[in-house]
Amino acid sequence: MLRVGVPKEYDPSFRRFFPEEVEMVAIPEEVDSPIDVDFWIVPYMSKTVAQALPYMRGVKVLQALSAGIDALLAAVPAGAILCDGQGIHDIPVAEWVVGAVLAVLKFWPLYGDIQRSEKWQRRSEADELYHSRFPGRRRPVTPVLGDDLMGKHVLIVGYGAIGKAIEERLAAFDVTFTRVSRRAREGVEPIEKLDVLLPDADVAIVIVPLTNATAHMFDAARIARMKQGALLVNAARGPVVETGALVKALEENRICAALDVTDPEPLPEGHPLWTAPNLFLTPHMAGGSPQFLPRAFKLAGEQVARYSKGEPLLNVVTEGY
């Protein structure tokens with residue numbers, strides 16, 4: 001009988017997602033004695049995985065519950081297969097990106113401050129904020145109190161499942177898209193063309209996995225290639241963007257940014273990112289939906305069914321992806 005390891009605290013109702021003939025083995029949060037499992041649905045926290053791994057015997061497949069698996073790569077036993085959680089976070093992360101783009105363009109952080117200050121007249125600060133981002137533009141007769149998303153050129157860097165979900169939602173705003181991935185295919189440019197494509201983007205959305213190739217992908221040189229006032233959105237991993245270079249560009253009003261991830265993370269008190277201008281920041285919460293676990297265990301159940309039938313697994317990680 002196939003033994004499937006699941007976190008001890010998992011909802012018993014999720015059993016419905018798995019084949020009846022498998023044995024579910026509850027894995028405690030802290031493992032201190034050997035446990036035999038064939039298929040391990042690893043805990044969301046990588047530190048827990050590292051602590052439990054020496055006691056896990058017979059593991060042939062590790063199924064992650066997240067799309068990003070950079071923290072798990074070193075923990076995979078020799079000969080075991082690692083599968084990521086691609087598809088689980090598509091909806092909430094894509095919705096966060098849409099919300100973050102709108103928040104920056106519509107100056108919602110500023111208007112939140114205005115609400116708390118109870119000073120209606122401060123709305124004139126929006127016009128000053130806009131022209132600080134675009135200093136060369138002629139001032140219209142009426143003040144600019146928010147920017148439009150319509151007509152913007154959106155560059156999606158990392159056109160996988162989440163990138164596609166982002167495009168589907170942003171398409172309703174009548175924007176144009178350029179898609180970039182590590183390999184070229186129809187309608188998608190190769191990552192080698194990023195430097196050529198970046199200067200034309202009004203909004204650059206980064207949704208790549210963290211690897212040696214993507215660490216500091218957006219460094220000072222690449223940020224300098226972005227057009228004046230462009231928006232950089234990072235919903236990937238913090239180290240994909242070089243923090244010092246980003247802070248400098250924000251403080252110089254060169255670009256604006258929306259981040260759900262940072263480097264370092266968690267972001268410590270007093271870090272310059274907390275108070276950087278032109279920045280909308282959330283504490284790595286984009287995937288935190290109430291539907292996360294049902295989606296995650298539905299995928300895990302499908303994977304277990306595939307494995308038990310000898311069918312190819314989905315989302316197998318190769319070359320760090």
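Coordinate-derived values only; no laboratory data. Computed from a predicted structure; not experimentally measured. Positions of Cβ are backbone-derived with ideal geometry, glycine not excepted, and every protein chain shown enters the neighbour counts.
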Exercise. What ranking, highest mean first, results for peptides 292-299, 53-60, 183-190, 19-26 when packing means the other Cβ atoms within 10 Å averaged over each residue?
Worked result: 292-299, 53-60, 19-26, 183-190
Problem set entry | Dipole magnitude (debye, nearest 20) for the chain, charges at Cβ of Lys, Arg, Asp, Glu | 680
For this session: Compare the Cα positions of Gly99, Pro290, Met1 along the charge dipole of the chain (+1 at Cβ of Lys, Arg; -1 at Cβ of Asp, Glu; about the Cα centre) and return the one farthest towards the positive end.
Result: Gly99
Problem set entry | Highest-fluctuation residue, Gly146, Gly99, Gly136 considered, GNM on the chain with Cα pairs under 10 Å | Gly136
Problem set entry | Approximate spin-label separation Val141-Val188, in nm, with each point projected 7 Å along Cα-to-Cβ | 4.9
For this session: Compute the signed sum of charges (Lys and Arg +1, Asp and Glu -1) over the other residues within less than 12 Å, Cβ to Cβ, of Ala215.
Result: -3
Exercise. If contacts are Cα pairs under 8 angstrom and at least 6 residues apart, what is the relative contact order of the chain in percent?
Worked result: 17
Seminar exercise, completed: With Cα springs under 10 Å, the Gaussian network model of the chain assigns the largest mean-square fluctuation among Ala213, Ala126, Ala78 to Ala78
Problem set entry | Proximal lysines to Lys298, defined as alpha-carbon separation beneath 24 angstrom and excluding residues fewer than eight positions away on the same chain | Lys8, Lys47, Lys60, Lys164, Lys309
Problem set entry | Backbone HN-Hα couplings from phi across the range 17-28 [Karplus 6.51/-1.76/1.60, Hz, Gly and Pro as x] | 7, 10, x, 4, 7, 8, 9, 8, 10, 6, 9, x
Seminar exercise, completed: For Thr178, other-chain or 5+-apart residues with amide H closer than 5 Å (H placed, Pro excluded) are Val154, Leu155, Ile156
Problem set entry | Principal axis dimensions, largest first and in whole angstrom, of the chain by Cα | 74, 46, 34
Problem set entry | Packing rank of 264-272, 167-175, where each peptide gets the mean count of other beta carbons within 10 Å, highest leading | 167-175, 264-272
Seminar exercise, completed: Env charge @ Leu149, Cβ radius under 12 Å, K,R +1 / D,E -1, value -1
For this session: Using only the Cα atoms, work out Rg/Rh for the range 30-172, with Rh taken as the Kirkwood radius, to two decimals.
Result: 1.22
Exercise. Using 7 Å Cα-to-Cβ label points, what is the Arg116/Ala221 separation (nm, one decimal)?
Worked result: 4.0
